[in-house]
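Remarks on the structure that follows.
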Amino acid sequence: MDERLLRFFVAVYEEHNLSRAAEKCFVSQPSISNGIKQLEELIGKQLFTRHKRGVEMKEDAHYLYPIAKRILGELNAIPTMFKESEFRPKVIIGIADSLSQQFKSEFFKKVKTEIGDIEWDIRPISRDCEVNLLVREWKFEEHLFLPLGKENYVLCIPDNNHLVNRDEISLNDLSGEPFIHCPPCEAHQQCLSILNSKNAKWNTIANSSTKTEVLTLLMAGLGISFLPEQFASGWNGFQIKPFIGPKYYREIGLSYSKNSLKNKALADLIEFLSKEDLSFEYLDR
């Protein structure tokens, strides 16, 4: 579609008059009239009813007007959009959904402070992303991995479980207790190893596909589970209790390909996050 047709339409819509619209667009009245006729034929709708005092808008004109204004606005912005002084670097980042809000907010805050404004295109983790913020076990085989820190897993006991009154809980205390598992979890095998280390019997009450589902079942009081510390913090319905037994954790970092470093903003980001003195409040380095 010729953008002039939209400009003619907007002028007629705003001026309510063909002659004034022609003056506004610096063209003759016949040009405006022909342009409106072409547009009406193109979309198959009548936009205006012409009379001696000007034009009257039809319903379809009211519908088209905001669309035309938006399109013309975007077209007008193109010449200045890519000027170096106004250009904002863009990074496509995939983010694992099981990371805590505290960590994610701190990550973006640190980047903004050090690197400046970046236009983030945030997606689920995938190879199509220039960089992924995730757990080491989820990184793609061909990608490099920059560790940012470790997050401990903690024992979560529902408020309705008798163990919630204990100051600390041992591995033997968990024998026979209802347990919520998350097979896709990066630490699932570690968890099973802990639970099976003394050949005790475990009462599996649920298998969940995500940590969010585990969290829901914990809050509902269905059973016990291990979850990343900050992911589990701040919720009601269960308590995090000291655990006397084997410990496990997950390592969080950035996964990226060498080709992604062609993006200068990402290369600067990786360089900044590689500094030895960098620390995140919620993670152990």
Legend entry - Vicinal HN-Hα couplings computed from phi for segment 153-165 (Karplus, 6.51 cos²θ - 1.76 cosθ + 1.60; Hz; Gly/Pro x): 8, 10, 7, 10, 10, x, 4, 8, 8, 4, 6, 5, 8
Legend entry - Among LEU171, LEU18, LEU227, residue whose mean-square fluctuation peaks in a GNM of the chain (springs only between Cα atoms under 10 Å): LEU18
Inset, instruction - Please work out the FRET efficiency for the pair ARG88 and ASP128, using the Cβ-Cβ distance as r and a Förster radius of 35 Å; give the result to the nearest 0.05. - result: 0.95
Legend entry - Average Cα contact separation per residue, the chain, under 8 Å, 6 or more apart, as relative contact order %: 21
Inset, instruction - Tell me the label-point distance for the pair ASN34, LEU75, using the 7 Å Cα-to-Cβ offset, in nm and rounded to one decimal. - result: 1.8
Inset, instruction - Please list the non-local residues whose amide H lies under 5 Å from the amide H of SER257, H modeled 1.01 Å from N, same-chain partners needing a gap of 5 or more. - result: LEU144
Legend entry - DSSP-assigned coil residues among GluC sites (Glu not before Pro) in segment 148-248, each with at most 13 further Cβ atoms within 10 Å: GLU168
Inset, instruction - Subtract the Cα-Cα distance of ILE67 and HIS188 from 0.36 nm times their separation in residues, and report this length gain in nm to one decimal. - result: 38.5 nm
Legend entry - Computed [θ] at 222 nm, deg cm²/dmol, the chain (DSSP H ≥ 4; -39,500 (n - 2.57); rounded to nearest 500): -11500 deg cm²/dmol
Legend entry - Residue-by-residue Karplus 3J(HN,Hα) for segment 134-147, coefficients 6.51, -1.76, 1.60, Hz, glycine and proline x: 7, 8, 3, 4, 9, 5, 6, 3, 7, 8, 7, 10, 10, x
Legend entry - Orphan Cys of the chain, criterion: no other Cys C-beta under 4.7 Å: CYS25, CYS129, CYS156, CYS191
Legend entry - Amide H partners (placed H, <5 Å) of VAL154, local residues excluded: LEU227, GLU229
Inset, instruction - Under 30 Å between C-alpha atoms is the cut-off here; go through segment 1-105 and count lysine pairs that meet it, provided they're at least eight residues apart or on different chains. - result: 17
Inset, instruction - Pull up all non-local amide H partners of LEU148: gap of 5 or more, or a different chain, and H-to-H distance under 5 Å with H placed in the peptide plane. - result: ILE252, GLY253, LEU254
Legend entry - Scattering profile of the chain at q = 0.07, 0.11, 0.16, 0.17 Å⁻¹ [log10 I(q)/I(0), Debye over alpha-carbon scatterers]: -0.50, -0.76, -1.13, -1.22
Inset, instruction - May I ask you to evaluate 6.51 cos²θ - 1.76 cosθ + 1.60, the Karplus curve with θ = phi - 60°, for each residue of segment 27-34 and list the ³J(HN,Hα) values in order in whole Hz, giving x for glycine and proline? - result: 9, 7, 4, x, 5, 5, 4, 5
Legend entry - Net length gained if the chain between LYS109 and ASN259 were fully extended (0.36 nm per residue, minus Cα distance): 51.5 nm
Legend entry - Rough spin-label spacing in nm, given labels placed 7 Å along Cα→Cβ, for LEU171 and THR212: 3.4
Inset, instruction - Pick out which of ASN152, ASN34, ASN259 has the largest mean-square fluctuation in a Gaussian network model of the chain, springs linking Cα atoms closer than 10 Å. - result: ASN34
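Laboratory data are not the source of any read-out in this text; all were calculated from the coordinates shown. Since the model is a prediction, treat every value here as computed from it, not as a measurement. Heads up, the Cβs are rebuilt from the backbone with ideal geometry, glycines too, and the neighbour counts pull from every protein chain shown.
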